Amino acid sequence: MIGAGWVGLCTAACFAELGHEVVARDIVPEKVESLSRGEVPMHEPGLGELLERNAERLTFTTSMEELLERTRLLFCCVDTPPTYSGDADLSRVQSVIDDLGDSVEHAIVMKSTVPVGTGRSIQRRREGLGYVSNPEFLKEGTAVEDFMHPDRVVVGAGEGSEGFADRVAALYEPLGAPIVRTDVASAEMIKLASNAFLATKISFINEIANVSEELGADVLEVARGMGLDERIGDKFLRPGIGYGGSCFPKDVSALKQLAGNSGYHFQLLTAVIEVNELQKRRTIGKLQKHLGSLVNREIALLGVAFKPDTDDVREATSLVLAARLQGEGANVRVYDPVAAQKAAELLGGARVCVSAGEALDGADAAVLVTEWPEFAELDWAGDVKGRMATPLVVDGRNFLDRDGLREAGFTYEGIGR
Ligand code: UGA
């Protein structure tokens, strides 16, 4: 593995679990040292156990020489964050390729999400290097489960790299999933198109939710009825306060840019992005509807991570909400079971609390941002109601017991209900 971040580490641990010897190389010496000591640098369910159980098969190093000497398949797992233009920043991928020297015995297996055409251009510039595109479809919070039970595995063979592609495909065979053997450009497009489609599905159901609010339908009933149609499916039809994370916002924008750079205006994705931005901000209107001006109002944000079971706050809706609320003059408190301290700097002047109770003390409203199970288990009717100055809840994930809260005297606003 080149890069022991979230993708590299989850992939390394899972391949080790399947019985392979894995060497993971990262350029940050402190990270390599702490991984070698058995420390897990991120919150990902099941990852710690896998790393511990397979410690003998896993080596962490900063040395590219060691990697090249001991392995032939080099899984590139470095990140490709968005640039200001919305394109993907490929500088880390480029420096990996530069570090490889001129070996012709190795293949790069690209796991990083890259623009369509990247594989072809790498192979043109670096003659003799094997190249396989093997995009990852892991979700944060369920990465180990997703790796072990994939819906499909995509393996795109570069020019002259069929043999390497066979070896990559063989690694996944024990998982029993369909293996899509294809060319590199198509494999690259499968990744971007899959994420863009899922984001489109979310923006679609969010718009249905918004219209349902106007017309008196309940979007959860609507999604249930739609989802039973096998052509639609029930996954990724949960309305909320917008998608976040390190992938959907970046990949939708990367595909839009990629299309634009090639002369095609991808109108649908432009709308998907806009709907998502507006969705995050609709919460402000819901608060104003009940509280009027938000100046000096105390607003508690429950959850900071972009979704539960992760401490990742990249492109998290909480950050947009905290800033927007402060822009309206409100005082913001936040609580998250794992992500709040990490995000403190990004939350502007928001007060980071050590418990949900502290965040809710004297609050004029609670906004549920991340559906951490502990928020459903709070004693809303008793303890929480007693603490809050105004019993107002905006449930950004339709996660809480709406009827129970209303019976307990709360004003409850969900999404699309
Ligand atoms: C996503 C994809 O689901 C993975 O297949 C892919 O490998 C990954 O990006 C990637 O490209 O690396 P991830 O970002 O970890 O995975 O998280 P998701 O579970 O997909 O959730 C993304 C966002 O969509 C979250 O903010 C979540 O709250 C939101 N979401 C998801 C909804 O608002 N509604 C839904 O129905 C589902």
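So here's what we get for this one:
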item	result
Net length gained if the chain between LEU278 and PHE236 were fully extended (0.36 nm per residue, minus Cα distance)	13.3 nm
Eligible lysines near LYS31 by straight Cα distance, threshold 29 Å, same-chain separation 8 or greater	LYS111, LYS139, LYS191, LYS250, LYS307, LYS342
Neighbourhood net charge (15 Å Cβ-Cβ; Lys/Arg +1, Asp/Glu -1) for ALA316	-1
Kyte-Doolittle mean at least 0.5 and Cα axial length at least 24 Å: DSSP H helices in the chain	184-215
Extreme residue, positive dipole direction of the chain, given options SER121, VAL275, ALA356 (C-beta unit charges)	VAL275
Alpha-carbon centroids, the stretch 27-89 and the stretch 296-311: separation in whole Å	29 Å
Global geometry of the stretch 1-155, whether rounded, prolate or oblate, following the gyration tensor of its Cα atoms and the 1.5 cut on a/c	prolate
Choice from PRO29, PRO391, PRO249 with maximal GNM fluctuation in the chain (Cα, 10 Å cutoff)	PRO29
Estimated inter-spin distance, ALA381 and GLU407, nm [label 7 Å along Cα→Cβ]	0.6 nm
Tensor-based shape of the stretch 281-413 (alpha-carbon gyration tensor, a/c under 1.5 rounded, otherwise prolate or oblate)	oblate
Order of ARG333, ARG324 - criterion: other Cβ atoms within 10 Å of each residue's Cβ, fewest first	ARG324, ARG333
Nearest-20 debye value, the chain charge dipole, Cβ charges on Lys, Arg, Asp, Glu	1020 debye
Packing-based order for 158-166, 132-140, using average beta carbon neighbours within 10 Å, highest first	132-140, 158-166
Most mobile listed residue (LEU237, LEU319, LEU268) in the chain, GNM with C-alpha springs under 10 Å	LEU268
Two-decimal log10 I(q)/I(0) for the chain, as the Debye equation yields it once each C-alpha is a single scatterer, q = 0.10 Å⁻¹	-0.75
Test item: Cα-centred dipole of the stretch 6-177, Lys/Arg +1 and Asp/Glu -1 on Cβ, debye	340 debye
At R0 = 22 Å, FRET efficiency that the Cβ-Cβ distance of SER95 and SER186 yields, to 0.05	0.25
Relative contact order [Cα under 8 Å, 6+ residues apart], the chain, whole percent	12 percent
Farthest positive-ward along the chain dipole, Cα basis, beta-carbon charges - from GLY163, LEU287, THR317	LEU287
Sparse-neighbour loop sites [GluC sites (Glu not before Pro); the stretch 12-107; at most 11 other C-beta within 10 Å; DSSP]	GLU39, GLU105
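Bear in mind that the values in this text are calculations on the coordinates, not laboratory data. Since we're looking at a predicted model, the values are computed, not measured. Cβ coordinates were reconstructed from backbone atoms using ideal geometry, including for glycine residues, and neighbour counts include every protein chain displayed.
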